[in-house]
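Everything on this sheet refers to the single structure shown next.
Throughout, read-outs are computed from the coordinates displayed, never taken from laboratory work. For clarity, every value in this text was computed on a predicted model and none was experimentally measured. Every residue, glycine as well, gets a Cβ built from its backbone with ideal geometry; the counts of neighbours run over all protein chains shown.
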Amino acid sequence: MRPILALLAYALVAVIARGAGLPGDQIRGPRLTDRDFFAALDLTRPGLEQVAAAIAAGDYARAKAELLAYYRTRPDSTGHGERRPGPRNEKPSLAALTSWNGFAHALTVDWTGWKRFQLTKRDFITVHRPMGWDFIRYVTFTLDDPGQNTHCDADLYLDDLRLTGPGGTVDLGGFEEGLGAWEGLETNADRAHSGQRSGRWVNSPASRLVRNAGLIHDWTGYDTLEFWMDSPAATGARISVVLDSEDLEFPETAQDVLDHRELVFVKPDYFVVVDKLEGEGVHEIESLFHLNHEEAEIEGPVARSVDPGVSNVVVAAAPVEALRVRIAKGETTPEVQGFIPSERWRASWRSPQTRSPEHGKRAVPTVIYTLRTTLPAKLVYVLMPCPVGKRLEVTCRLLPVEGPGTAVHVSLPAGQQRAVLIGKPGQHVSCGAMGTQRQVAVFDTSGPSPRLVSEL
Ligand SMILES: [Ca+2]
């Protein structure tokens, strides 16, 4: 049997080789032709438009390339071991026009020479859920379906882009002084609608995208986007003018965090600050305490001002795993941090001759607590003033509670121990043997059993 099978296999190879090698020959044998292969696909599926277009044009080489591109970039991939470039969660490119939010207007290059466009907001369709006209991140010109537009490999030219409306006129590009914030264009002096230069969109099918992210973001005061576009031929190319209105700078998750701060003054000594952060997922929490002093230092989760000859303050955070603390003073990069307003300005004890700076603000030590954690989370601090010449040792920690509310253990100077229970009137808060239905209850826990000191 084996020799016969080998012979059959050999014959098959020969037929295929002959069929493929001689164009025009009748192709025989069990061979899947390009035509059969593409006929087996449902080319009406979304995303396969380029493939279908290539086949309609009889260009199977391009159809294969488009199909490969489709498999590499399709947003609805379900995996199954396939490898795709780039991170999975990256923002879909403009090629996948299914998941961005904004406004769009389509135009067809059916003219030659310069043509003026005056697109009002009503000329744009709303795509998904844009932030709104008060937040336009960028404007793009994109060529749709480059596969169907390969015949229009001519350059396009843009000039005199502007926004007009009750808010006045904003110049978005005349290209006399250069490109400004435009990407995907190059300045040229061959053609210009006004002045000497325009922005050339070189070989639009190849580059596909022209973008300006440096424009004014609030378009509420304007109602018309004006521009001139020059095309050397009426190519029939379809172009989308896209106004992206998606808030990427401020992720959706950050909008859903609520901070409830409770501030309890336990007379006559100290304050208890409770930050309850509500939300979902992992967030980076930052708590700042601006100290009206010159110098401060850190010891574990405790920060304190250390100015001589004046009263000072100590900030003690309840320790939490991964809680970081640092002191910023007069920082200007990466962001302005560690200043208090001008009316609080005064010369430092270190340099009493210093005059108030131009900006009037005074650099002060600012205690910054940072914690990356899963919400909900609770952070607790004790603030305590220290009389002149005294260095007071204070720490605190969270105690477990039953039901809603907060219990904080505070270790005061001279070995005094306190437990502060914080809740809502009429709602029971309990922590071990301690409990209260009032808003605040303070227990002395220095002895063998807790003793109620005061209730509010
Ligand atoms: Ca110009």
Label-to-label distance, nm, for residues given as Glu455 and Thr120 (7 Å Cα→Cβ offset): 6.9 nm
Amide H partners (placed H, <5 Å) of Asp223, local residues excluded: Thr164, Gly165
Packing-based order for 236-242, 294-300, using average beta carbon neighbours within 10 Å, highest first: 236-242, 294-300
Amide H within-cut-off set for Thr395, under 5 Å, with H built and near neighbours excluded: Ser411
The range 356-444: trypsin sites (Lys or Arg not before Pro) in DSSP loop, at most 15 other beta carbons within 10 Å: Lys390, Arg391
Residue-by-residue Karplus 3J(HN,Hα) for the range 225-235, coefficients 6.51, -1.76, 1.60, Hz, glycine and proline x: 9, 10, 7, 10, 10, 10, 10, x, 8, 7, 7
